[in-house]
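The values are calculated or read from the model by the stated rules, or taken from the named source; none is laboratory data. Because the structure is a prediction, the values reported are computed rather than measured. Cβ placement follows ideal geometry from the backbone for every residue including glycine, while neighbour counts extend to all protein chains displayed. Note: accessible area is taken over every heavy atom of the protein model, side chains too, but ligands, DNA and RNA are not part of it. Shrake-Rupley method; radii C 1.70, N 1.55, O 1.52, S 1.80 Å.
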Amino acid sequence: MTARGLIIGAPRSGSGKTSVTIGLLRALARRGIKVRGAKSGPDYIDPGFHAAATGRPGVNLDSWAMAPSLLNALAADASAEAEMVILESAMGLFDGIPAEIGRSGAAADLARLYGLPVLLVLDVSGQSQTAAAIAKGFATYDPDVRIAGVVLNRLGSDRHRKLAGDAIEALGLPVVGAILRDPTLSIPERHLGLVQAEEHADLFAHIEKLADMVERSLDLDAIIKLATPLAPTAGDQSFALPPPGQRIALAQDAAFTFLYPHLAAHWRAMGAELVPFSPLADQAPDATCDICWLPGGYPELHPGRLAAAGTFLSGTRRFAETKPVHGECGGFMVLGRSIEDGDGVTHDMLGLLGHATSFAKRKMNLGYRQATLSAPCPLGGTGSVVRGHEFHYAQTVVAGDDTPLGELADGQGKPLGSFGGRRGHVTGTFFHAIARG
């Protein structure tokens with residue numbers, strides 16, 4: 001089976017890409033088409049919505065963090081048993097970082113690499129014919145990125161649709177969708193982006209509503225015809241992060257959710273077993289596991305429950321006496337001495353590392369990161385380079401005196417100093433690992 005692919009792009013975040021993507025995925029699935037969703041860049045949340053809409057796992061395709069061989073392997077896996085792959089752009093279509101050609105992290109890299117057409121979603125609220133100037137800019141900005149069609153979003157009326165649509169079609173760009181303004185189509189958000197799929201009240205009812213919108217407002221047959229074959233060159237998993245253990249105790253609940261689908265899939269493919277447990281339900285890691293992994297998530301929204309989870313706290317401390325415990329971002333916060341919540345109340349945490357964090361004193365940290373490890377840890381061996389990113393608002397208010405994990409640089413190689421902490425069997429960092437560098 002050769003899958004066909006299409007990229008959903010936009011000028012910026014907030015244009016409606018995710019709602020269009022989810023609705024399109026579900027509408028295609030309702031037609032009996034085997035469809036999978038993919039997301040460019042380091043986004044944990046949207047792949048969960050893609051999976052809920054299609055019944056098939058989502059995947060991240062990140063041209064900066066993933067070596068070309070790994071990127072091709074993941075793209076091939078996504079298309080192996082699908083008829084269509086819908087790839088949702090992060091931010092704006094061309095938004096990435098200055099980097100070597102094809103490694104910027106922008107969805108446009110994937111459009112060039114795989115020759116995939118782009119369906120451009122334009123939020124035309126507050127404009128009409130000017131939308132044509134934006135569409136023309138996208139159509140001519142990069143000759144290797146083809147805009148195949150346009151969806152007009154947040155229209156105020158049929159007249160609004162005609163003014164904007166006619167101007168765009170005069171350029172030779174087909175308008176294949178026109179969506180009237182409807183606030184009920186929006187997905188709730190919080191400080192790190194959309195509320196996660198598993199937390200969304202009446203998730204499947206909302207997904208069906210988005211699919212109804214697509215059936216009503218988009219020319220689904222025309223969109224299917226826009227897609228072109230997705231046929232990546234041969235790739236391999238040599239740059240994938242290896243499983244940190246044979247049996248991995250994985251914290252998994254509303255406070256610990258951010259594990260990339262490609263990491264979990266690769267670990268399982270390598271024979272590792274993921275053994276979930278819920279700190280919020282006061283569960284401890286299975287003592288028979290080889291390692292405990294505390295992923296990122298939203299512990300800053302649940303610090304009181306975590307502080308009161310005696311079985312989780314004592315069981316994890318006991319686990320750490322003899323076996324590795326690793327925390328990323330939110331997991332790193334919980335490994336520390338305490339978390340100050342948004343109201344300024346301090347809650348004791350595991351205390352396995354010496355730092356303390358605050359969500360009351362917020363500052364956004366966002367961007368690609370490249371880590372060089374100074375000693376072996378669950379992310380790799382001494383001298384290993386790992387690519388990933390940071391995205392958090394919490395700040396470290398007490399640094400502690402733990403040994404750093406290594407040195408960190410931004411996506412362009414600018415040194416950012418030492419990062420993370422190590423004490424005994426315990427390691428942690430705000431850095432989210434994506435792949436080997």
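Structure values in brief
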{"read-out": "Pairs of alpha carbons in the stretch 329-402 whose separation is greater than 18 Å (percent)", "value": "48"}
{"read-out": "Computed Kirkwood radius, in angstrom, where 1/r is averaged over Cα pairs of the chain", "value": "22.5"}
{"read-out": "Average Cα contact separation per residue, the stretch 79-178, under 8 Å, 6 or more apart, as relative contact order %", "value": "24"}
{"read-out": "Semi-axis lengths, Å, the stretch 104-255, gyration tensor of Cα atoms, sqrt of 5 times eigenvalues", "value": "33, 25, 14"}
{"read-out": "Candidate aspartates and glutamates - alpha carbon under 17 Å from K225, same-chain residues fewer than 8 apart omitted", "value": "E83, E215"}
{"read-out": "Extension reserve of the K363-V345 stretch, reckoned as 0.36 nm per residue once the Cα distance is removed", "value": "4.7 nm"}
{"read-out": "Nearest 10 degrees, 0 to 90: helix 130-141 Cα axis against the chain principal axis", "value": "70"}
{"read-out": "Normalised per residue, the volume of the convex hull around the Cα set of the stretch 33-169 (Å³)", "value": "127"}
{"read-out": "Where the stretch 68-181 is the region considered: accessible area per residue in Å², 1.4 Å probe", "value": "41"}
{"read-out": "Distance in nm between pseudo-label sites at D212 and D158 (7 Å out along the Cβ direction from Cα)", "value": "2.2"}
{"read-out": "Whole-number percent relative contact order across the chain, with pairs defined as alpha carbons under 8 Å at least 6 apart", "value": "14"}
{"read-out": "Computed E for R30/D142 - FRET, C-beta separation, R0 30 angstrom, nearest 0.05", "value": "0.30"}
{"read-out": "Portion, in percent, of the accessible area of the stretch 1-42 that falls on carbon or sulfur, probe 1.4 Å", "value": "43"}
{"read-out": "Fraction of accessible area attributable to carbon and sulfur, the stretch 60-216 (%, probe 1.4 Å)", "value": "53"}
{"read-out": "Those aspartates and glutamates that a straight Cα-Cα span of less than 15 Å connects to K361, excepting residues fewer than 8 apart in one chain", "value": "E300, E340, D341, D343"}
